[in-house]
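Read through the structure below, which is laid out as structure tokens, and then see the notes.
The values are calculated or read from the model by the stated rules, or taken from the named source; none is laboratory data. Because the structure is a prediction, the values reported are computed rather than measured. Here the Cβ positions follow ideal geometry from the backbone for every residue, glycine too, while neighbour counts run over all protein chains shown. Heavy atoms of the whole protein, side chains included, go into the accessibility calculation; ligands, DNA and RNA do not. Shrake-Rupley method; radii C 1.70, N 1.55, O 1.52, S 1.80 Å.
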Amino acid sequence: MSLTIKPVSPAIGAEIEGLDLREPLDAAGRGAILDAFHEYILLLFRGQDLTEDQQTTFATTFGELGKRTVGARFVKAPKDAYASPVMMVTNRSDEGPTGGTASFGDGDMWFHHDTCFYPVPNIVTMLYGIEVTSQGGLTRVSNMYRAYDNIPGALRDRLEGRTVLQVYDYNRYRIDPGVDLEGARSHSQPIFVTHPVTGKKALYVNRTMTACIEGMDKAESDAILDELFDIAEDDRIVHDHRWRVGDLLMWDNRCSTHARTDFPGEESRVLRRCTVAGKEPVHA
Ligand SMILES: [Fe+2]
């Protein structure tokens, strides 16, 4: 087996060529992929042809599969939908190939860290392209190590050791600081985290879910968060992934955020998602 690792942008991400993910990995291949994952944060494998089982088997290269605990937002899911570690990210309202586990339907999504509003967020999100749109629907992924490094030193020093409230309100989609958070899922997390493998520090806030810096005056918290969101969403640290059928895209939620651009609602978009379970984030 010979792998080629090619960076996809100066900011973040690499494409790995020469691998059929249906085949079992040997120790050397597994080591090479893990090293690339820790170096590049975002990995792309193109031209794959994966069943659900093959995708989840590959995901276990990175750890234990994440359980589904999130309610489907756009399509009513049967009660047993959450028994599966797999979810379809799709705008298709029929249950067809999604088995009633469809979620995150149409439109754009702002930058966010997946499941950061839980005590133990998933570390990996893995998406496989089954149907893609002719335009739009890009997955944007931003490098949170670089964001941390780009925070002005005096501000970074002031924020060290602080915590933020991460919130996901399923009824409102985007968090509006100051709203009544009753019924929303939330958890206090470090504002900066240290990656347990690389030892590097990463910014851990995002515009969709971070409601406030805890213990700080609201106006000041809002102003600082706005500044941090702009740093986190700087185009210079973002890679835009344009989907093709057969793409397997995965990223590390501990040191990246991601977003989605809008796409034609009349076209069908189906991505099969699974995750890898994590450990509690550690203060930087
Ligand atoms: Fe997401």
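Odds and ends about this structure:
- Checklist (1) open to solvent by 40 Å² or more (accessible area, probe 1.4 Å); (2) at negative phi; (3) away from the ligand (no atom under 15 Å from the Cβ) applied to Gly215, failing item: (2)
- Residues (away from the ligand (no atom under 16 Å from the Cβ) and in a loop (DSSP other than H, G, I, E, B)) located in the stretch 111-169: Pro119, Val120, Val132, Thr133, Ser134, Gln135, Gly136, Ile151, Pro152, Glu160, Gly161, Arg162
- Leading residue by the ranking (farthest from the ligand (Cβ to nearest atom)) among those in the stretch 260-274 that are open to solvent by 10 Å² or more (accessible area, probe 1.4 Å) and either over 30 Å from Ala147 (Cβ atoms) or not charged (D, E, K, R) (or both): Glu266
- Screening Glu182 on (1) at pLDDT 95 or above; (2) open to solvent by 20 Å² or more (accessible area, probe 1.4 Å) shows it passes everything except condition (1).
- Those residues of the stretch 213-254 which are of a type in the set (Phe, Trp, Tyr) and closer than 14 Å to Leu43 by Cα, in sequence order: Trp243, Trp251
- Subset of the stretch 218-259 that is touching a Phe, Trp or Tyr at 6+ places or on another chain (Cβ under 7 Å) and in a strand (DSSP E or B) - its residue that is nearest to the ligand (Cβ to nearest atom): His258
- Options Ala81, Ala77, Ala59; residue that is in a loop (DSSP other than H, G, I, E, B) and either modelled with pLDDT under 85 or within 17 Å of the chain's Cα centre (by Cα) (or both): Ala77
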